[in-house]
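Below: the structure, in structure tokens.
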Amino acid sequence: MKVERQATPELQRLAGVVERVGVAMLATLGPDGSMRSRPLHTVELDAQGRLWFFTEADAPKSAEMDAHDHQVCLSYADPGTDLYASVSGTGRVVHDRSRMLERWTPRLETWFPRGMDDERLALLEVRIDKAELWDGENVKTSGPRTAAPGDEARPA
């Protein structure tokens with residue numbers, strides 16, 4: 001996984017969680033109104049605060065994002081150290097073969113057995129709108145939005 005230096009200390013702390021945990025649970029709103037989550041291996045957190053994952057372009061999550069203004073939620077958890085993160089953002093499917101080639105690892109073949117030869121293979125980009133971190137004692141919030149009502153957000 002590639003993790004670049006972030007623009008703010010809060011996002012840098014999030015980068016540490018992403019790098020440590022690696023796998024996020026991506027939640028979208030399904031057609032019946034229920035929340036759906038599925039695991040995704042993070043392949044990059046770039047310097048612009050965008051998270052990148054491999055996906056199938058025609059997977060149900062793509063239609064679910066399209067139907068709900070591309071809003072998604074990612075969760076990272078390391079229960080052994082009481083470290084958790086929730087990321088709200090905007091997701092989109094990206095067809096960028098050169099970026100895919102740079103980020104591909106054999107580990108991904110478990111989920112994408114046809115590898116880079118799979119015509120449906122694409123990247124999922126999530127632009128971070130808001131992130132919350134829990135370290136067992138504190139909630140820390142970063143992003144353009146403020147903490148949700150009732151949250152006791154503290155500077156990181």
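If only residues of the range 142-156 that are open to solvent by 30 Å² or more (accessible area, probe 1.4 Å) and in a strand (DSSP E or B) are counted, the one that is modelled with the highest pLDDT is Ala153. Exactly one residue out of Val93, Val87 is surrounded by 15 or more Cβ atoms within 10 Å (Cβ to Cβ), touching a Ser or Thr at 6+ places or on another chain (Cβ under 7 Å) and within 30 Å of Glu132 (Cβ to Cβ): that is Val93. Reported count of residues in the range 28-52, each being more than 25 Å from Trp104 (Cβ to Cβ) and of a type in the set (A, V, I, L, M, F, W, C), is 2.
Of everything listed in (1) surrounded by 13 or more Cβ atoms within 10 Å (Cβ to Cβ); (2) closer than 22 Å to Asp135 by Cα; (3) in contact (Cβ under 8 Å) with a residue 24 or more places away in the chain, the single unmet condition for Thr8 is (1).
Based on this model, can you work out whether Arg13 counts as open to solvent by 80 Å² or more (accessible area, probe 1.4 Å) and touching a helix residue (DSSP H, G or I) at 6+ places or on another chain (Cβ under 8 Å)? For Arg13, the condition - open to solvent by 80 Å² or more (accessible area, probe 1.4 Å) and touching a helix residue (DSSP H, G or I) at 6+ places or on another chain (Cβ under 8 Å) - is not met. Might you check whether a residue that is at pLDDT 90 or above, polar (S, T, N, Q) and more than 20 Å from Lys61 (Cβ to Cβ) occurs anywhere in the range 83-98? There is at least one residue in the range 83-98 that is at pLDDT 90 or above, polar (S, T, N, Q) and more than 20 Å from Lys61 (Cβ to Cβ).
Can you tell me which residue in the range 34-49 is farthest from Arg13 (Cα to Cα), limited to those that are open to solvent by 50 Å² or more (accessible area, probe 1.4 Å) and not hydrophobic (A, V, I, L, M, F, W, C)? Checking each candidate, the answer is Arg36.
Of all residues in the range 105-129, those satisfying the criterion of being open to solvent by 50 Å² or more (accessible area, probe 1.4 Å) and in contact (Cβ under 8 Å) with a residue 12 or more places away in the chain are Thr105, Arg107, Trp111, Arg120, Arg127. Could you list, in sequence order, all residues of the range 24-33 that are open to solvent by less than 50 Å² (accessible area, probe 1.4 Å) and either in contact (Cβ under 8 Å) with a residue 40 or more places away in the chain or of a type in the set (Lys, Arg) (or both)? Listed by number, the residues that qualify are Ala24, Leu26, Ala27, Thr28.
When the range 130-141 is limited to residues that are within 17 Å of the chain's Cα centre (by Cα) and at pLDDT below 90, the one that is surrounded by the fewest Cβ atoms within 10 Å (Cβ to Cβ) turns out to be Trp134.
The values are calculated or read from the model by the stated rules, or taken from the named source; none is laboratory data. It should be emphasised that the depicted structure is a prediction, and the values quoted were computed from it without experimental measurement. All Cβ positions, glycine included, derive from the backbone under ideal geometry; neighbour counts span all protein chains shown. Ligands, DNA and RNA are stripped out before the accessible areas are found, and what is left, the full protein with its side chains, is counted by its heavy atoms. Shrake-Rupley method; radii C 1.70, N 1.55, O 1.52, S 1.80 Å.
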